[in-house]
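The values are calculated or read from the model by the stated rules, or taken from the named source; none is laboratory data. Computed from a prediction, not measured in an experiment: that's the story for all the values here. Don't worry about glycine lacking a Cβ; one is built from the backbone with ideal geometry, like all the others, and counts go over all protein chains shown.
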Amino acid sequence: MKVFLTGASGVMGRSSIQALHSAGHDVVGLARTRESAAQIADAGAEPCLGDLFDRAAMSAGMRNCDAVANLATRVPVGTRALLPGSLKAIDEIRFRGSRVVAEAARDAGVGRIIQQSLSFMYADQGDDWIDERSPIDVTRATEPVIVAEDNAAAINSWGGTAVSLRFGLISGNDANSAWLFRRAAANRSIGLGEETGWMHVIHPEDVGTAVVHALMAPGGAYNVGAEPVRRRNYVNSMALAAGRTTGRFLPGWTVRLGGKKLEILTRSQRVSSQLFSDRTGWQPRHPQLTPDWFHGLVRA
Ligand SMILES: NC(=O)c1ccc[n+]([C@@H]2O[C@H](COP(=O)([O-])OP(=O)(O)OC[C@H]3O[C@@H](n4cnc5c(N)ncnc54)[C@H](OP(=O)(O)O)[C@@H]3O)[C@@H](O)[C@H]2O)c1
């Protein structure tokens, strides 16, 4: 198949190019800058210069493609995430960009959209398992994620298929993990929420293999990640990788100051990815979080 990727130069895009090529697919990657285009070309994909909000450029790049994977994001990393307006760019990508991607796909006659999404949208369920039918907690922070899924699903109305992949927290050699890793190495707090609460995580490599499997998945939304991990174990794995024996949690009152932006990172989410495995045969290569996931990060 030939697959058009937005966000091709990001952490999800790089992993997807590799996995798609390994599975024998061709890739066209959207690039906003010459630097991103060069990076995409170096990875062996065909760059398409353009922006997520440029419908004409995207539909030209999507011509003759069988599927589009919308992986573009602009997630603020570290304390920048707490600044006023920090979510403006990512919200715009989700609210409006996802709609432009769907319109461009329709213009180009592409029959399948894979939309990257987030399992953070589920309500806190304590120790109970979460599947795709579990309640969603809509807040200012999760609404754009839900709207992006809906925008992709517009393709159903003209006979196509939409697959939303609700990923867990990407944990590995990526910018957010690197920021947490540096804090852990300096013995600063990195944990959010209850220590016994659950987190849904995914190794960056498994994002790419999930995109490959989504090419054949029946339409719908799927949770995609490794086995859920207790928040205490996540924090300790990061701390161990960073050369410490145990990691530290932020006190509840500082988390509350972060409002809705931080609240979604504190929910206990014991998310099952069984449906995606059952429907597509996908299995994570990294099924369980270990300190090894962070070995690509260099100690400061
Ligand atoms: N599920 C999760 O946990 C999750 C999901 C997403 C991201 N994150 C985290 O967020 C951090 C940053 O992610 P990242 O390193 O992938 O970088 P990023 O800055 O979020 O960029 C991601 C990709 O989106 C593209 N993009 C952004 N705005 C665009 C626009 N208007 N039009 C077209 N493309 C656009 C970028 O292209 P350019 O090269 O042109 O900038 C890049 O390819 C990482 O730590 C990552 O793990 C986590």
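For the stretch 84-94, does any single residue satisfy the condition of being buried (at least 17 other Cβ atoms within 10 Å of the Cβ), farther than 26 Å from Asn176 by Cβ, away from the ligand (no atom under 11 Å from the Cβ) and not aromatic (Phe, Trp, Tyr)?
Checked the stretch 84-94: no residue is buried (at least 17 other Cβ atoms within 10 Å of the Cβ), farther than 26 Å from Asn176 by Cβ, away from the ligand (no atom under 11 Å from the Cβ) and not aromatic (Phe, Trp, Tyr).
Restricting to the stretch 263-284, what's the tally of residues that are of a type outside the set (S, T, N, Q), touching a Ser or Thr at 6+ places or on another chain (Cβ under 9 Å) and more than 15 Å from Glu132 (Cα to Cα)?
4
Residues checked against (1) crowded, with 18+ Cβ neighbours inside 10 Å; (2) closer than 23 Å to Val201 by Cβ; (3) at pLDDT 95 or above; (4) in contact with a strand residue (DSSP E or B) (Cβ under 6 Å, 6 or more places away or on another chain):
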residue	(1), (2), (3), (4)
Ala104	yes, no, yes, no
Asp107	no, no, yes, no
Ile113	yes, no, yes, yes
Ala123	no, yes, yes, no
Asp127	no, yes, yes, no
Ser134	yes, yes, yes, yes
Asp137	no, yes, yes, no
Arg140	no, no, no, no
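Which of the residues spanning the stretch 50-75 are within 11 Å of the ligand (Cβ to nearest atom) and more than 13 Å from the chain's Cα centre (by Cα)?
Taking the stretch 50-75 as the starting set, the residues that turn out to be within 11 Å of the ligand (Cβ to nearest atom) are 50-54, 57-58, 70-75.
Answer for the stretch 50-75, where residues must be within 11 Å of the ligand (Cβ to nearest atom) and more than 13 Å from the chain's Cα centre (by Cα): Gly50, Asp51, Leu52, Phe53, Asp54, Ala57, Met58.
Looking at this structure, is Ile40 within 9 Å of the ligand (Cβ to nearest atom), crowded, with 22+ Cβ neighbours inside 10 Å, among the β-branched types (Val, Ile, Thr) and under 26 Å from Ala154 (Cα atoms)?
So Ile40 does not fit the description; no.
Working only within the stretch 103-139, note down all residues that are part of a loop (DSSP other than H, G, I, E, B), closer than 23 Å to His213 by Cβ and polar (S, T, N, Q).
Ser134
Residues that are surrounded by 12 or more Cβ atoms within 10 Å (Cβ to Cβ) and either touching a residue at least 12 places away in the same chain (Cβ under 8 Å) or at positive phi (or both): find the helices (runs of 4 or more DSSP H) completely inside the stretch 247-300 holding 3 or more of those. I'd like the intermediate steps shown before the answer.
Values: elements: 252-257, 259-263, 274-280.
Of the helices (runs of 4 or more DSSP H) lying wholly inside the stretch 247-300, those with at least 3 residues that are surrounded by 12 or more Cβ atoms within 10 Å (Cβ to Cβ) and either touching a residue at least 12 places away in the same chain (Cβ under 8 Å) or at positive phi (or both) span 259-263, 274-280.
Kindly indicate which of Ser117, Ser164, Ser177, Ser98 is within 24 Å of Pro291 (Cβ to Cβ), crowded, with 19+ Cβ neighbours inside 10 Å and under 18 Å from the mean Cα position of the chain (by Cα).
Exactly one of Ser117, Ser164, Ser177, Ser98 is within 24 Å of Pro291 (Cβ to Cβ), crowded, with 19+ Cβ neighbours inside 10 Å and under 18 Å from the mean Cα position of the chain (by Cα), namely Ser177.
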